Amino acid sequence: MAEQITQLYDIRDDRFRFLVFETETLVEHYADCRWAEGPVWYHDLGCLIWSDIPNQQLLRWLPDGHVSVFRSTNFVNGNTRDRQGRLVSCEHGGRRVIRTEADGSITVIADRFEGRRLNSPNDVVVKSDGSVWFTDPTYGIQSNYEGYRAEPEQPTRNVYRVDPQTGAVAKMADDFVMPNGLAFSPGEGKLYVADSGGTHYRDGPRHIRVFDVADDGRLLGGAVHYETDNGVPDGFRVDGDGNIWTSAGDGVHCVAPDGTLLGKVLIPQTVSNVTFGGPRRNQLFITATKSLYSIFVGAVGIQAP
Ligand code: MG
């Protein structure tokens, strides 16, 4: 019988040999999503929650393999948790960022900027000062597939910050085609933001940009940090050493703080997002088209979110 050989890693730099292990395997936990996104780890509960956007639900995976519907949604995409552990979600349907309170009620964090509705918030991260940062491309209003078709009210597709004290929504960057995943470096001195405009525009961006975060919160710089050679970068996370683990067309790309592609974890479906979880935060959970996967790696995720 012919042996089936499936390559799991594409190693581009020797540093990657310390971040992945030939003895590990990619495990597929669930395969019945329509478009899986928004993985978020609950360290206190030992479970993973993620979005199936077109099916309008959040799913929950438990380490015993059990998957169940956590709750229905109005096309929720990216998720994270704030410093109090509350679920913060980007909702295409309501064109807003929402927080789920301990009693299950919903608080609106942002739904408008300068009096006009947001496009369709895509991904979100909470800084240690409690400020909520999110991206607002138009994916969720371009069709009825993962939201409700509508004309954008915002002239640009922006990165926003919500002030933790006042709740004011401020535009931090507006020179994106399709701002998407975002994450801070360890220490929060840098903010990385993906531009996935290549999904809908010929020669559109397929890169992650890096900004310096000034003491007053403003973003400076914004140079291209990493350009993918396959698909687009959607969601991503940063590990404790500052490496970026980003979604791409052929798997998860691991990018060093200096922008070098260290290697790839190859995935058989287009990857949308990742997060670190597991008891030691070294289990990389991967949402990829229809499936939720995980693999143990040599990197450790930054504690919450
Ligand atoms: Mg996204």
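The values are calculated or read from the model by the stated rules, or taken from the named source; none is laboratory data. Here the structure is a predicted model, which is why all the values come from computation and not from measurement. All Cβ positions, glycine included, derive from the backbone under ideal geometry; neighbour counts span all protein chains shown. Accessible surface is based on the protein model in full, side chains and every heavy atom, while ligands, DNA and RNA are left aside. Shrake-Rupley method; radii C 1.70, N 1.55, O 1.52, S 1.80 Å.
Couple of notes before you dig in:
- Most mobile listed residue (136, 44, 174) in the chain, GNM with C-alpha springs under 10 Å: 44
- The distance from the alpha carbon centre of the range 36-80 to that of the range 137-197 is 21 Å, rounded to a whole number.
- When the chain is treated as a GNM with alpha-carbon contacts under 10 Å, the residue of 56, 165, 283 showing the greatest mean-square fluctuation is 165.
- Cβ-derived FRET efficiency at R0 45 Å, residue 8 paired with residue 166, nearest 0.05: 0.40
- If you wrap the chain in the convex hull of its Cα atoms and look at it from every side, the mean projected area works out to 16.0 nm².
- Spin-label pair residue 86/residue 128, simplified geometry with 7 Å Cα→Cβ offset, distance in nm: 2.2
- Normalised alpha carbon radius of gyration of the range 1-98 [divisor 2.2 N^0.38 Å]: 1.35
- Sulfur and carbon atoms: percent of accessible area, the range 235-305 [1.4 Å]: 53
- Mean separation of Cα contacts under 8 Å, 6 or more apart, over the residue count of the range 9-296: relative contact order %: 17
- Lys-Lys pairs in the range 9-296 that are eight or more residues apart or on separate chains and whose Cα atoms lie under 28 Å of each other come to 6.
- Stretching residue 215 away from residue 71 to a fully extended chain increases their span by 48.0 nm, per 0.36 nm per residue minus the current alpha-carbon distance.
- Accessible-area ranking of 126, 224, largest first, probe 1.4 Å: 224, 126
- Close amide H partners of residue 241, meaning residues 5 or more places away or on another chain with modelled amide H under 5 Å apart, are 300.
- Debye log10 I(q)/I(0) for the range 122-242, one point scatterer per Cα, at q = 0.16, 0.22 Å⁻¹: -0.77, -1.35
- Approximating the spin labels as points 7 Å out from Cα along Cα→Cβ, the residue 25-to-residue 258 distance works out to 3.7 nm.
- Positive dipole terminus of the chain, leading residue within 251, 90, 35 (C-beta point charges): 90
- To put it simply, the accessible area of the range 73-210 at a 1.4 Å probe is 44 percent carbon and sulfur.
- Summed over the residues of the chain and divided among them, the accessible surface reaches 42 Å² per residue at a probe radius of 1.4 Å.
- Comparing 121, 63, 137 in a Gaussian network model of the chain, where Cα atoms under 10 Å apart are tied by springs, the biggest mean-square fluctuation is seen for 63.
- Sparsely packed loop sites in the range 67-161 (the trypsin sites (Lys or Arg not before Pro) outside DSSP H, G, I, E and B with at most 11 other Cβ atoms within 10 Å) comprise 149.
- Amide H contacts under 5 Å for residue 172, placed H, 5+ residues apart: 159, 160, 161
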